[in-house]
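Shown next, in structure tokens, is the structure this report addresses.
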Amino acid sequence: MTAATHPGLAGRPIYLDYNATTPVDPEVVAAMVPSLEREFGNPSSTHAYGRPARAALEAARDRVAGLLHAGAGRIVFTGSGSEADALAIRGAVLANRRPGRRPHVITQATEHPAVLAACRDLEELHGAEIAVLPVGPDGLVDPLAVADAITDDTLLVTVMHANNETGTIQPIAEIAAAAHERGVLVHCDAAQSTGKIIVDVAELGVDLLTVVGHKMYAPKGISALYVRDGVALRPLVGGGGQEGGLRAGTENVPYAVGLGRAAEVAAAALEAGETRRLTALRDRLEAGLKARLPGWVHLNGHRTRRLPNTLNVRIDGMRALTLLDDVAVLAASAGSACHAGEDAPSPVLTAMGIPADEAMTAVRLSLGRWSTEAEVDAAAAAIAAAVPGRSVRR
């Protein structure tokens, strides 16, 4: 597909904010229609209306599991990635806490706000101790630091797979190995990596993993949590026995079906070389910016251990929000969409040791399924043209 074939992109600004949200793939929309128009039954009903809904729900669950190479374990559908993170973090700690002991949780400084919020809730509401580990200048947390931080009271390590702002990919397999040596559970927020690179829960060695629908061309309002067999969780919402007793409430079958189809499409795209295509576009965009603004463009995050679609750069002397306001032909971000519009330095970048004034110049450019070479070249030219006082090479 090209950008022009998607109804949400045709004739509009160049979209380079795929890490904030993705257009819903037309194949996903088509897959959802039967559950919206005809198979409307409650999947808990055993009659002729409920059975097709149950079958569609379970097929979707299997498709998500397939994308994650999850041969064993459960897929629990949730309403958002934030909910999935909270279920994993609070659910694991509350289900496994030891009487008379203060639970201990390890995370790291550049986590998504949903993870940090769930950790704060445990601290404030349940007396947990939270260890927030620093990251290096490239955004990586040291697996040895994780191992050193584990105590006899540590119940959970939660570290994201790939950062939503810089794209830096954490050494999850090494972290999980260190945690499991001490009998500690591991949760990984894979909202940004799923569908862009291969995410194999067995290879990563994680016990819990978050998938977010609207980051992988499914609708907003549907996400999933992978739960390894044998891992006990306490549900956030009690009531009925839906989702294996882990999330009460009648299931959102059409959106679950959409996520299942999105997982199928993503798996096929990965097989067809989507990671390589995105990497080439990302590198072309970076090269285009550096050629037009020689010496003024600086990469944020790890040079090689990063998502294929994500380019986060500082442009000397140009505040990001001002730049993006001036480049009307481009839709991009000055950081995480969770902090959109805030004229403040990114906590992710400052945690990496980038001075606040420099962090204010950072722009996140994230590509996706409908990005093209022509768009990348046009975006580089438009950004360079908006930077005043620079020697711009045409």
### Among residues of the range 151-184, those that are surrounded by fewer than 19 Cβ atoms within 10 Å (Cβ to Cβ) and not charged (D, E, K, R), counted
6
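Matching residues to (1) buried (at least 19 other Cβ atoms within 10 Å of the Cβ); (2) charged (D, E, K, R); (3) under 20 Å from Thr194 (Cα atoms):
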position: Lys290; (1), (2), (3): no, yes, no
position: Trp296; (1), (2), (3): yes, no, no
position: Leu311; (1), (2), (3): yes, no, yes
position: Ile315; (1), (2), (3): yes, no, no
position: Met318; (1), (2), (3): yes, no, no
### Summary
Among Arg74, Arg101, the single one that is open to solvent by 30 Å² or more (accessible area, probe 1.4 Å) and more than 28 Å from Ala269 (Cβ to Cβ) is Arg101
### Task
From (1) within 20 Å of Ser193 (Cα to Cα); (2) of a type outside the set (S, T, N, Q); (3) exposed (fewer than 15 other Cβ atoms within 10 Å of the Cβ), pick out the condition that doesn't hold for Leu68.
(3)
### Residues (open to solvent by 50 Å² or more (accessible area, probe 1.4 Å), in a loop (DSSP other than H, G, I, E, B) and at negative phi) located in the range 351-394
Pro355, Pro388, Arg390, Ser391, Arg393, Arg394
### Query
Can you name the residue in the range 21-46 that is assigned to a loop (DSSP other than H, G, I, E, B) and over 26 Å from Arg247 (Cα atoms) and is also nearest to the chain's Cα centre (by Cα) among such residues?
Pro23
### Query
Say we look at the range 104-114 and pick out the residues that are in a loop (DSSP other than H, G, I, E, B) and out of contact with any Cys (no Cβ under 9 Å at 6 or more places or on another chain); which of these is least open to solvent (accessible area, probe 1.4 Å)?
Thr110
### Evaluation of Leu87 against (1) hydrophobic (A, V, I, L, M, F, W, C); (2) open to solvent by 10 Å² or more (accessible area, probe 1.4 Å); (3) under 22 Å from Ser223 (Cβ atoms) (one fails), failing number
(2)
### Task
Identify all residues within the range 115-166 that are free of Cβ contacts under 8 Å to residues at least 40 places away in the same chain, among the β-branched types (Val, Ile, Thr) and assigned to a loop (DSSP other than H, G, I, E, B); write none if there are none.
Val141
### Task
Of the numbered conditions (1) over 19 Å from the mean Cα position of the chain (by Cα); (2) not in a helix (DSSP H, G or I), Ala55 fails exactly one; give the number of that condition.
(2)
### Message
Name the residue that is nearest to Tyr217 (Cα to Cα), counting only residues in the range 265-281 that are under 18 Å from the mean Cα position of the chain (by Cα) and not hydrophobic (A, V, I, L, M, F, W, C).
### Response
Glu274
### Task
Being among the acidic types (Asp, Glu), under 20 Å from Ala263 (Cβ atoms) and either touching an Asp or Glu at 6+ places or on another chain (Cβ under 8 Å) or without any contact (Cβ under 8 Å) to a residue 40 or more places away in the chain (or both) is the filter here, so list the residues in the range 167-200 that pass it.
Asp189
#### Entry: Tally of residues being open to solvent by 20 Å² or more (accessible area, probe 1.4 Å), closer than 25 Å to Ala176 by Cα and within 14 Å of the chain's Cα centre (by Cα) across the range 204-228
1
### Task
For Gly249, state whether it is free of Cβ contacts under 8 Å to residues at least 12 places away in the same chain and either of a type in the set (Ser, Thr, Tyr) or loosely packed, with under 15 Cβ neighbours inside 10 Å (or both).
no
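The values are calculated or read from the model by the stated rules, or taken from the named source; none is laboratory data. Note that the structure is a prediction, hence the values are computed from the model and not measured. All Cβ positions, glycine included, derive from the backbone under ideal geometry; neighbour counts span all protein chains shown. Heavy atoms of the whole protein, side chains included, go into the accessibility calculation; ligands, DNA and RNA do not. Shrake-Rupley method; radii C 1.70, N 1.55, O 1.52, S 1.80 Å.
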